[in-house]
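A.B. asks: Dropping the structure in here first, questions after.
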Amino acid sequence: MVHLSAEEKEAVLGLWGKVNVDEVGGEALGRLLVVYPWTQRFFESFGDLSSADAVIGNPKVKAHGKKVLQSFSDGLKHLDNLKGTFAKLSELHCDQLHVDPENFRLLGNVIVVVLARHFGKDFNPDVQAAFQKVVAGVANALAHKYH
Amino acid sequence: MVHFTAEEKAVITGLWGKVNVEETGGEAVGRLLVVYPWTQRFFDSFGNMSSPSAIMGNPKVKAHGKKVLTSFGDAVKNMDNLKGTFAKLSELHCDKLHVDPENFRLLGNMIVIILASHFGREFTPEVQAAWQKLVAGVATALAHKYH
């Protein structure tokens, strides 16, 4: 279970309040597909993923990114119970989607990079540390029901 | 061996030319010590690391960060022979310093995050992908002589 201090929760939620979830979602998923090209195998129905520009501009990537990050946003409301919050999604990703849980950690890293890019100096070491705890916690929660 | 296209090399060297190696190095090692506190165990002689601001302001952290990132600059000049370039450092980190190679990947992630926060818009998905290849290549090269 991930334990965040009161300051860490405040730092995370404070920054998250300024995040454009739709945009950041699309960017994070797009960058995952560009930086780790093997992840494209999970999205074969998405159409043109032939170049970085094609991926980033792809409407299905943006839509799915928005969906993923909205779910992440829900997780942030339940930092004390990530495993419970993501239990169903964990089963889905294991039983139906067959996604290697390592990819959750990769997406978490990409989310951190995107936040750093958007917030620059505001993404200071304390905020970064708190966020990295959260993305690791979400990745673990998503892997929790795997068998 | 990691292979870089001409475009990837251009993108990497292009960005590197604008990097303040001293500042970025200090920030990278500092953030590593904040985000992954167990890494502080390698730097017991550094003095006060009791809080994020103590760490980020610690002159020994900054000096060591500068040293580490200057060495990283060698990677940028020798992208076709990372293993050869880092052979001696690999032996040092294994035989004398006893550093778990996983920490090289963590530091690589820190470098990417800092570049994202400094360069904002310029840190496009292609630039990110090229840099993530480089930091992964350097981490592998530093682990190469481990036994």
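The values are calculated or read from the model by the stated rules, or taken from the named source; none is laboratory data. What you see is a predicted model; the values in this text were computed from it and never measured. Neighbour counts are summed over all protein chains in view; Cβ atoms, including those assigned to glycine, are modelled from backbone coordinates with ideal geometry. Accessible surface is based on the protein model in full, side chains and every heavy atom, while ligands, DNA and RNA are left aside. Shrake-Rupley method; radii C 1.70, N 1.55, O 1.52, S 1.80 Å.
A.B. asks: Name the residues in segment A:84-123 that are within 8 Å of another protein chain (Cβ to nearest Cβ) and not β-branched (Val, Ile, Thr), would you? Quick ask: steps written out before the conclusion?
C.D. replies: To start, the set of residues in segment A:84-123 that are within 8 Å of another protein chain (Cβ to nearest Cβ) comprises A:109, A:112-114, A:116-121, A:123.
Across segment A:84-123, the qualifying residues are A:109, A:116, A:117, A:118, A:119, A:120, A:121, A:123.
A.B. asks: Answer with yes or no whether residue B:122 is touching a residue at least 60 places away in the same chain (Cβ under 8 Å), open to solvent by 50 Å² or more (accessible area, probe 1.4 Å), over 19 Å from residue B:2 (Cα atoms) and within 14 Å of another protein chain (Cβ to nearest Cβ).
C.D. replies: Yes, satisfied.
A.B. asks: Further question: With respect to the numbered conditions (1) part of a helix (DSSP H, G or I); (2) open to solvent by 10 Å² or more (accessible area, probe 1.4 Å); (3) closer than 21 Å to residue B:10 by Cβ, which one is the sole condition not fulfilled by residue B:89?
C.D. replies: (3)
A.B. asks: Please give the number of the condition residue B:116 fails out of (1) open to solvent by 20 Å² or more (accessible area, probe 1.4 Å); (2) at the interface with chain A (Cβ under 9 Å from one of its Cβ atoms); (3) of a type outside the set (Val, Ile, Thr).
C.D. replies: It fails just one condition, (1).
A.B. asks: In segment B:132-147, what count of residues is obtained for those that are at the interface with chain A (Cβ under 9 Å from one of its Cβ atoms) and either surrounded by 21 or more Cβ atoms within 10 Å (Cβ to Cβ) or more than 17 Å from the chain's Cα centre (by Cα) (or both)?
C.D. replies: 1
A.B. asks: Go through (1) assigned to a helix (DSSP H, G or I); (2) loosely packed, with under 14 Cβ neighbours inside 10 Å; (3) of a type in the set (S, T, N, Q) and name the single condition residue B:40 misses.
C.D. replies: Every condition holds for residue B:40 apart from (2).
A.B. asks: Does segment A:45-52 contain at least one residue that is free of Cβ contacts under 8 Å to residues at least 60 places away in the same chain, of a type in the set (A, V, I, L, M, F, W, C), farther than 27 Å from residue B:108 by Cα and open to solvent by 20 Å² or more (accessible area, probe 1.4 Å)? Write out each step before concluding.
C.D. replies: As a first pass, look at segment A:45-52 and keep what is free of Cβ contacts under 8 Å to residues at least 60 places away in the same chain: A:45-52.
Those left that are additionally of a type in the set (A, V, I, L, M, F, W, C): A:46, A:49, A:52.
After this cut, where a residue has to be farther than 27 Å from residue B:108 by Cα as well, the list is A:46.
Checking the rest, the ones that are also open to solvent by 20 Å² or more (accessible area, probe 1.4 Å) come to A:46.
Yes: segment A:45-52 contains one or more residues that are free of Cβ contacts under 8 Å to residues at least 60 places away in the same chain, of a type in the set (A, V, I, L, M, F, W, C), farther than 27 Å from residue B:108 by Cα and open to solvent by 20 Å² or more (accessible area, probe 1.4 Å).
A.B. asks: Here's another thing I want to ask about it. Among the residues of segment B:10-62, write down those that are away from chain A (no Cβ under 14 Å) and over 17 Å from the mean Cα position of the chain (by Cα).
C.D. replies: B:10, B:14, B:41, B:44, B:45, B:46, B:47, B:48, B:59
A.B. asks: Continuing with this model, one more query. Out of the residues in segment A:31-73 meeting the condition of being basic (Lys, Arg) and under 20 Å from residue A:115 (Cβ atoms), tell me which one is farthest from the other protein chains (Cβ to nearest Cβ). Full working, then the answer.
C.D. replies: Initially, segment A:31-73 is screened for residues basic (Lys, Arg), giving A:31, A:41, A:60, A:62, A:66-67.
Subsequent filtering for residues that are under 20 Å from residue A:115 (Cβ atoms) retains A:31, A:62, A:66-67.
Working: A:31: 5, A:62: 13, A:66: 17, A:67: 20 Å.
The extreme case among them is A:67.
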